[in-house]
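A short write-up of the structure that comes next.
The values are calculated or read from the model by the stated rules, or taken from the named source; none is laboratory data. Quick caveat: nothing in here was measured; it's all calculated off a predicted structure. With ideal geometry, Cβ positions are generated from the backbone for all residues, glycine too; neighbour counts draw on all protein chains shown.
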Amino acid sequence: MTTRDSNTYRMARTVKVILHQHEPVWNEQVRFALEAGNFTGIVDALEPHAEGSLIVTKGASTDKDNMALEMYRKTADIAQRVSVYALDTGNMELHDQLRVSRNSLASLKEVDAFTKVKDIYNRVMPILSAVPPAGEGGKTGTEGVAPENTQLSLPDYAVNETEMSGLKTIIDTYDALLGKPRDLQLERKRHNQTIPELMKELRKSLYKLDSLINIFAGTDFYTDYKNARITIDRGGSPKKEEEKK
């Protein structure tokens, strides 16, 4: 909504209030009453679009960015632990795929970083789900190093169902936030595209009311209406809206 339209809309809301307050004065004047009803309907129709034009996307973007950093941190923590498991089991391909940090993920394009996070999650989950041979899980050597005949499982590296469930929750939350700023931008655009036609109808209706208001000259309604028709510039001084006559 432009500043001019915003000023006109705020003025129109004031006019609507005055019409309501003085309805007993004008409700039997047929043509004025018809136009007053039309005008009120237009103002009511404008309200959701005026509010929608003020939609702010910054908060949604900030929420998304903060969640992304938390997702990168959690992913990197898990990946680094599992990379040690990969070394211990001689799986160098897995080790190389898990060589990430929070900063390295944050330096990627948004879509690439998210793809990498999901790839790491999908690589780790099958390993976590695999059950080690009976009696072999959780054993370590006397110096805390896995000997050749010992098979450790991911929980021995502090990577368990709770950790992975926490990461999945973060991934799902981020996924839900990913399109929100864009959705808000589209919603704001839709409202702004509707406003011009309604503002055209509003100004036409005001023109008719302005032309009929002299029927009530000398009444409090007439004076209040004229005062309500003063448009206040947000950054300037009061001015009469130019009457298109």
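List of remarks:
- Matching residues, the range 211-226, being under 41 Å from the mean Cα position of the chain (by Cα) and farther than 15 Å from VAL43 by Cβ: ASP224, LYS226
- Out of GLU93, GLU110, one residue alone is of a type in the set (Asp, Glu) and within 22 Å of LEU154 (Cβ to Cβ). It is GLU93.
- Contact map, the range 102-128: residues that are assigned by TED's automatic domain parsing to the domain that holds ILE170 paired with residues that are of a type in the set (S, T, N, Q) and assigned to a loop (DSSP other than H, G, I, E, B), Cβ distance under 9 Å, separation 6+ or inter-chain. Pairs shown: ALA113/SER107; ILE127/SER153; LEU128/SER153; LEU128/ASN160.
- If the condition is being surrounded by 14 or more Cβ atoms within 10 Å (Cβ to Cβ) and in contact (Cβ under 8 Å) with a residue 60 or more places away in the chain, then the range 22-42 contributes HIS22, VAL25, TRP26, GLN29, PHE32, GLU35, ALA36, ASN38, PHE39, ILE42.
- Among residues of the range 30-75 being of a type outside the set (S, T, N, Q) and not in a helix (DSSP H, G or I), the one that is modelled with the highest pLDDT is LEU54.
- Considering the range 182-227, the residues that are under 14 Å from THR2 (Cβ atoms) and β-branched (Val, Ile, Thr) include one that is surrounded by the fewest Cβ atoms within 10 Å (Cβ to Cβ), namely THR194.
- Among (1) modelled with pLDDT under 95; (2) of a type in the set (Val, Ile, Thr); (3) touching an Asp or Glu at 6+ places or on another chain (Cβ under 8 Å), the one test that ILE78 misses: (1)
- One residue stands out among those in the range 89-117 that are exposed (fewer than 15 other Cβ atoms within 10 Å of the Cβ) and among the basic types (Lys, Arg): the one that is modelled with the lowest pLDDT, which is LYS109.
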